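Step one of this worksheet: look at the structure below.
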Amino acid sequence: MRITQGTFSFLPDFTDQQIHEQVQYCIDNGWAVSIEYTDDPHPRNTYWEMWGHPMFDNPDAAAVVFELNECRKVYGSYYIRIIAFDSSPGWESIRLSFIVNRPSKEPGFRLNRTETKGRNIQYSMSPYSSDNPQGSRYK
Amino acid sequence: MPDGNKKLDAKARYSAGVLEYKKMGYWEPDYQPKETDVIALFRITPQEGVDPVEAAAAVAGESSTATWTVVWTDRLTACEKYRAKAYRVDPTPNNPNEYFAYIAYELDLFEPGSIANLTASIIGNVFGFKPLKALRLEDMRMPVAYVKTFQGPATGIVVERERLNCYGRPLLGATVKPKLGLSGRNYGRVVYEALKGGLDFTKDDENINSQPFMHWRDRFLYCMEAVNRASAATGEVKGTYLNVTAGTMEEMYKRAEFAKELGSVIVMIDLVIGYTAIQSMAKWARDNDMILHLHRAGHGTYTRQKSHGVSFRVIAKWMRLAGVDHIHAGTVVGKLEGDPSTTKGFYDILREEYNEVALENGVFFDQDWASLNKVMPVASGGIHAGQMHQLVHYLGEDVVLQFGGGTIGHPQGIEAGATANRVALEAMVYARNAGRDYLAEGPTILAEAARTCTPLKQALDVWKGVTFDYASTDAPDFVPTTSVS
C-alpha cells in the first residue's frame, strides 16, 4: 500500500526540482520550512523526529533540498516530510506538509477490533512495521 | 429635515394615543453609533404611501421597545437608551421602491451569548409588520464586546486541520447517495469506498436521521467500521459526518455520545434544529473534542429572495457566533444558488479575522471577530473534478469540497470517483504553488494529471461541460466602478 498522508501523496513522487518549487512557494509566503522523519507512520503519530529546527530565516529553497538529501543519506529508508510553519496571528500552525521520501516497501496497517458490549466495536490500528523496534523497521 | 420628523417634547411625546414611530424617538438622523452598539441593516419595501423614514423607524421600534400606541410606563425606564435608533435611510441603487435602513441597538438590549435572544429582537416581530410590503435583514455589525460573549466554533479551522493531519489543500467530501433508502450495511459500503479512494470525509444528508430503512445506531456502527477500514488502508485520518439531528435535545446528546464512543472525529446537525439547540451542540462539541458540521437545511426559505427574509451572510455570522465548525456556504459553480461576489462575502465572514466593508460582495460593515475561531465553509451540490481550477480559485484552500454525484456517479465506481477528485485537487494545488496561471490553464493541468490517472480521465470525459449557468437571485446591489482621480 501507499500511505497517502500529506498534501501531494496522490501525485507521482516529486523530483528534487519539484520539491524545490513547492518549498520556494512556502518561503515566499513567509513560512519556515522544516524536515522531519519517522519510521512510525501512524496517522496520529504527530511528532516525527526533527532534522534540525525549522529554517526560519532561510530565503532559498536550495538549502532545504540540500538538507533533505543529507537527511536521506542517514534515513533513506524512512518516511521524510517537508513541513511549513506559518507564525501569523490566527494561524500559528502548519500550512503545508508533504512526504518527500518513503520506504521502498510499505506494508500498511493492521486494524484491530475489540468487540465490546452490544454490537459496539473499539478500533485501533498499528503499522505492521512497528512490530519491530524503532530503528529496525524499514530496510 | 422636514418638520414632521422632529422629536417632540416629553409632554407631547407621552400623551395617550397613537404617534408616528419617527416621532417616538426611533428615528435619530444625527445619531452616531457607539462602538458597543449592535447595528442591523434592513432592506425595507414600504407599502405605497408610507414614508420610508417612518417605515425604518417602525422597524427600529418593533424590534426594540415599541408597541403600536404610546405607553406611560416607558417613563419608568431609561427609555432613550433602550430604543433602537434608525439613523440612516438610503435608496437602494437598483429599485426605487426599496430602501436601506441602518438601525443601532444598545448592547444592553441583548442577553450575552444567546442567538435566540438576539434573533427574537431583530427578526422576532417585524417581518409581518403591515406598513411594510417586504423586509430583509441584509447585514449586522456585532460589537467586539458582544462577540466575546460567545464560545464560537468548537474546533476552528486550524485545530481541525491539526486533528485531521491535513494541510495545504481543501478537504474533500461526499454525501452518501441515494440519500434515503440504503440499509446501514449498504450505506457503510459507500463510505468505505469513497474514503479509501481518497476523500477525507463522507456525509449523512440532512434528512438521514433514524428511519424504518436504517435506524441511527446501525448507521453509526457500519459507518465507523468503514471509516476505520479506510483509515487503515490509507494511513490517513478519516471521518464521516454522523447526523445526530433528532426530535429532542436528549436524543441528540444520546446519539452524539454514541458517535464519540465509537471514535468518530465529527458529528453533524441540521440548521432546522434551531439556534439554541445549535449552541448546545457546539458546547457539547467543545467539551468532547468533536468537530461540528452544520447542514444549512431550510435556509433557502428565507435567504434566497432579495426583497424579503434574512440574508445568508447574517446566518453565517450567527452561526460563527453560535459555534459550528463547518457550514455549507455555496459553490459558485454548482447546482445551487450562488453569485461569485455574494459567495465571497459569505466565505470571508466565516474565515477572516476581520472583515472590511466590501459592498461589491454584499458586506456592509467592518466586523472584528476578536479571535473567535474560524468556520470551515463547505461547497456542496453539483460540482465535479473538471471544475477544480474554478473551485480552488473562487473558494480558496480552507474549504471542504463535496462531490456527491461527482464521486458516486463515476463510471468505474465510487473509489475511482474519489481518486479522480483527489488527484485533480492535488494537481491543481501543486500547479498553483508552482506559480502557474491555474485558472486559465485549468483544463490543461487536469488533462496532464489524467495521463497518469485513468479515473480522472474518465471523470473528465463523463462530466465534460456540465455547468449550471442560471442568473442568480441574490446578487450584490453594488458593482465596483473604476475610480476617476
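The numbers here are math on the coordinates, done by the rules we state, and not lab data. This is a predicted model, so every value here is computed, not measured. So basically every Cβ, Gly included, is an ideal-geometry build from the backbone, and we count neighbours across all protein chains shown.
A cut-off of 5 Å between modelled amide H atoms, ignoring neighbours fewer than 5 places along the same chain, links B:Gly404 with B:Thr175, B:Gly381, B:Gly382, B:Ile383.
Rounded to the nearest whole angstrom, the semi-axes of the ellipsoid equivalent to segment B:422-473, taken from the Cα gyration tensor as √(5λ), stand at 21, 17, 8, largest first. FRET efficiency for the pair B:Phe213 and A:Ile121, taken as 1/(1 + (r/R0)^6) with r the Cβ-Cβ distance and R0 = 22 Å, rounds to 0.45.
Mean projection of the alpha-carbon convex hull of segment B:344-429 over all orientations, in nm²? Each step should come with its number before you reach the end.
On the way: hull surface 25.2 nm².
It is 6.3 nm².
Compute the relative contact order of segment B:203-303 as a whole-number percentage, counting only Cα pairs closer than 8 Å that sit 6 or more residues apart in sequence. Before the final figure, lay out the partial values.
Working: 115 pairs, mean separation 26.1, N = 101.
With pairs under 8 Å counted, the relative contact order is 26 percent.
Across chain B, Cα pairs under 8 Å and at least six residues apart give a relative contact order of 15 percent. Across segment B:273-417, Cα-Cα pairs more than 20 Å apart make up 51 percent of the total.
How much net charge surrounds B:Gly323 when only the other residues with a Cβ under 10 Å from the Cβ of B:Gly323 are counted, with Lys and Arg +1 and Asp and Glu -1? Present the calculation step by step, with values, prior to reporting the outcome.
Numbers: positive: B:Lys283, B:Arg286, B:Arg320; negative: B:Asp325.
Net charge in that neighbourhood comes out at +2.
For segment A:1-90, which trypsin sites (Lys or Arg not before Pro) are both in a DSSP coil and crowded by at most 15 other Cβ atoms within 10 Å? Mind showing how you got there, number by number?
Details: sites: A:Arg2, A:Arg44, A:Arg72, A:Lys73, A:Arg81; in loops: A:Arg2, A:Arg44.
Filter output for segment A:1-90: A:Arg2, A:Arg44.
Between B:His308 and B:Asn288, the distance separating the two model label sites (each 7 Å from Cα on the Cα→Cβ line) works out to 4.0 nm. Mind running the shape call on segment B:171-212? Use the C-alpha gyration tensor, a ≥ b ≥ c as the square roots of the eigenvalues: rounded below 1.5 for a/c, prolate if a/b tops b/c, oblate otherwise. Oblate is the answer for segment B:171-212, as a/c is 1.5 or above yet b/c matches or exceeds a/b. Between the amide H of B:Phe364 and those of B:Ala358, distances stay under 5 Å, these residues lying 5 or more places away or on another chain, with hydrogens modeled in the peptide plane.
Take every residue in peptide A:106-113, count the Cβ atoms of other chains within 10 Å of its Cβ, and give the average of those counts.
Numbers: counts 1, 0, 4, 6, 1, 7, 2, 3.
Partner-chain Cβ atoms within 10 Å, mean over residues of A:106-113: 3.
Which is the longest part of chain B that has none of the GluC sites (Glu not before Pro) sitting in a DSSP loop with at most 10 other Cβ atoms within 10 Å?
Working: sites that count: B:Glu35, B:Glu48, B:Glu356.
The answer is B:49-355.
Seen from B:Leu164, the other residues with C-beta closer than 9 Å to its C-beta sum to a net charge of -1, counting Lys and Arg as +1 and Asp and Glu as -1. The Cα-based radius of gyration and maximum Cα-Cα distance (Dmax) for chain B are 24.7, 84 Å.
Derived scalar couplings between HN and Hα for segment B:396-413 equal x, 9, 8, 7, 9, 8, 10, 10, x, x, x, 10, 6, x, 5, x, 9, x Hz in order, rounded to whole Hz, by the Karplus curve 6.51 cos²θ - 1.76 cosθ + 1.60 (θ = phi - 60°), x for Gly and Pro.
What's the average, rounded to a whole number, of partner chain beta-carbon atoms within 10 Å of each residue's beta-carbon in B:209-221? Don't skip to the end; give the middle numbers.
On the way: counts 0, 0, 0, 0, 0, 0, 0, 0, 3, 1, 0, 1, 4.
Mean partner-chain Cβ count within 10 Å for B:209-221: 1.
Around the amide H of B:Arg88, modelled in the peptide plane, lie the amide H atoms of B:Tyr102, all under 5 Å away and 5 or more residues distant in sequence or on another chain. Return the calculated 222 nm mean residue ellipticity for the protein assembly as shown, to the nearest 500 deg cm²/dmol, obtained by summing -39500 (n - 2.57) across DSSP H runs with n ≥ 4 and dividing by the residue count. Taking each H run of at least 4 residues, the total per residue is -10000 deg cm²/dmol. Loop-located chymotrypsin sites (Phe, Trp or Tyr not before Pro) across segment A:82-111 with a Cβ neighbour count of 11 or fewer within 10 Å are lacking, with loop assigned by DSSP.
So how far, in whole Å, is the C-alpha centre of segment B:15-36 from the one of segment A:30-56? Centre-to-centre (Cα) distance: 61 Å.
Compute the Rg to Rh ratio over segment B:400-450 from the alpha carbon atoms, using the Kirkwood formula for Rh, and round to two decimal places. Working shown, then result.
On the way: Rg = 11.8 Å, Rh = 11.5 Å.
On the Cα set of segment B:400-450, Rg over Rh gives 1.02.
Please work out the FRET efficiency for the pair A:Val74 and B:Leu439, using the Cβ-Cβ distance as r and a Förster radius of 41 Å; give the result to the nearest 0.05.
Values: r = 42 Å, r/R0 = 1.02.
Approximately 0.50, to the nearest 0.05.
Here the Kirkwood formula puts the hydrodynamic radius of the protein assembly as shown at 26.5 Å, using every distinct Cα pair. Dividing the alpha-carbon radius of gyration of segment B:78-196 by the rule-of-thumb value 2.2 N^0.38 Å gives 1.68.
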